[in-house]
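These notes concern the structure reproduced below.
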Amino acid sequence: MATAVLRTVAEVKAWVAGLRREGRRLALVPTMGYLHEGHLSLMREGRSRADVVATSIFVNPTQFGPREDLSRYPRDLEGDVAKCASAGVDVVFAPEDPKAMYPPGYQTYVEVTDVSQGLCGDRRPGHFRGVATIVTQLLCLFRPEVALFGEKDYQQLQVIKALNRDLHLGADIIGMPTVREPDGLAMSSRNAYLSPEERKRALSLSRGLKAAQALLREGTREAGVLVGAVRRELEAAGLREDYVELVDAERLKPLALVEPGQSARLLVAAFSGTTRLIDNMPLAG
Ligand SMILES: Nc1ncnc2c1ncn2[C@@H]1O[C@H](COP(=O)(O)OP(=O)(O)OP(=O)(O)O)[C@@H](O)[C@H]1O
Ligand SMILES: CC(C)(CO)[C@@H](O)C(=O)[O-]
Ligand code: BAL
């Protein structure tokens, strides 16, 4: 079956109304496009959990800071629709204009307080307010039974779980493991910005996280040592650190130690050249 492309909110409302009449279960995969295997893994999982899969492709302006890459963010709608079709997506919602989501007079923003703080929340002021606002809009518009997001954006996933719970939006929020290139680099649309040299140096993020996991397996529990393992790799590769932090896996509060039985997460953000990359891995005590 061909993948339909919807360009307006009115078209989405009409499509969702039809779905409700037929009583079919919907999975939603929100994205900013320039799709890769990470995105496709979410769509395939959606396919297995629902009758119908919808993907949104929207470079959401409210989550970009004034000095960030909104205008040069990579775009390829035609290629993306073909990839969605290959992953079994029924409908792509690609708003024709940012005004489709933020029309004149728009004035409603969603702020998730606790888990938006620290990490990317501190380094990208306003970012999670923009993410929470557009994701709330999409969940209200589509009212999916299931919505899928990647663990690569780990703090974002916790923000979305919180808003879905607190605002009674009723979706089952599924977090999916990070899909990596064979050499360990987390797939990301922004990898397209990297020169071959910068890409090679970017491997230090996953290498550092894996080194920390190995240290924990050998019995090292102190945050300073685990964080230090990541920093060493970043420094050796000449990357500029934005942050490296050990936090508890749900509330994202800093930890001094991984206690036995505890679910912790080690998160890193760093610049390879001018490109800011993020990655994270679980550390189970
Ligand atoms: N490597 C990956 N594995 C699994 N999910 C991913 C991966 N990369 C992105 N996702 C998820 O896909 C969804 C859409 O993300 P987005 O379109 O921002 O892609 P991205 O590659 O993370 O882009 P960017 O480079 O801007 O961070 C999010 O839920 C995100 O967590
Ligand atoms: C969730 C999202 C689609 C909201 O714009 C975006 O932040 C992303 O692609 O991760
Ligand atoms: N992948 C999360 C969206 C962003 O960085 O703006």
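The values are calculated or read from the model by the stated rules, or taken from the named source; none is laboratory data. Predicted model, so just to flag it, every value in this text is computed and none were measured. All Cβ positions, glycine included, derive from the backbone under ideal geometry; neighbour counts span all protein chains shown. Accessible surface is based on the protein model in full, side chains and every heavy atom, while ligands, DNA and RNA are left aside. Shrake-Rupley method; radii C 1.70, N 1.55, O 1.52, S 1.80 Å.
Annotations for the structure displayed:
- Region 138-161, subset open to solvent by less than 10 Å² (accessible area, probe 1.4 Å) and more than 16 Å from ligand 3 (Cβ to nearest atom), residue nearest to residue 9 (Cα to Cα): 142
- Qualifying residues in region 110-120 (those that are buried (at least 21 other Cβ atoms within 10 Å of the Cβ) and at negative phi) - the one nearest to ligand 3 (Cβ to nearest atom): 120
- Among the residues making up region 104-128, those that are more than 14 Å from ligand 1 (Cβ to nearest atom) and out of contact with any helix residue (DSSP H, G or I) (no Cβ under 7 Å at 6 or more places or on another chain) are 104, 105, 106, 107, 108, 113, 114, 117, 118, 122, 125, 126.
- Strands (runs of 3 or more DSSP E) completely within region 1-57 that count 3 or more residues being within 11 Å of ligand 1 (Cβ to nearest atom), surrounded by fewer than 19 Cβ atoms within 10 Å (Cβ to Cβ) and of a type in the set (Gly, Ala, Ser): none
- Contact map, region 124-135: residues that are charged (D, E, K, R) paired with residues that are more than 11 Å from ligand 3 (Cβ to nearest atom), Cβ distance under 8 Å, separation 6+ or inter-chain. Pairs shown: 129/109; 129/110; 129/111; 129/116.
- Pairs are defined by a Cβ separation below 9 Å, a sequence spacing of at least 6 or placement on different chains, a first member in region 146-161 that is at pLDDT 95 or above, and a second member that is within 13 Å of ligand 3 (Cβ to nearest atom) and among the aromatic types (Phe, Trp, Tyr); the pairs so defined are 155/128; 156/128; 156/149; 157/149; 159/128; 160/149; 161/149.
- Residues that are in a loop (DSSP other than H, G, I, E, B) and either closer than 27 Å to residue 75 by Cβ or touching a strand residue (DSSP E or B) at 6+ places or on another chain (Cβ under 6 Å) (or both), drawn from region 156-183: 171, 177, 178, 179, 181, 182, 183
- Residue match in region 58-71 (condition: assigned to a strand (DSSP E or B), closer than 19 Å to residue 164 by Cβ and either more than 14 Å from ligand 1 (Cβ to nearest atom) or among the aromatic types (Phe, Trp, Tyr) (or both)): no
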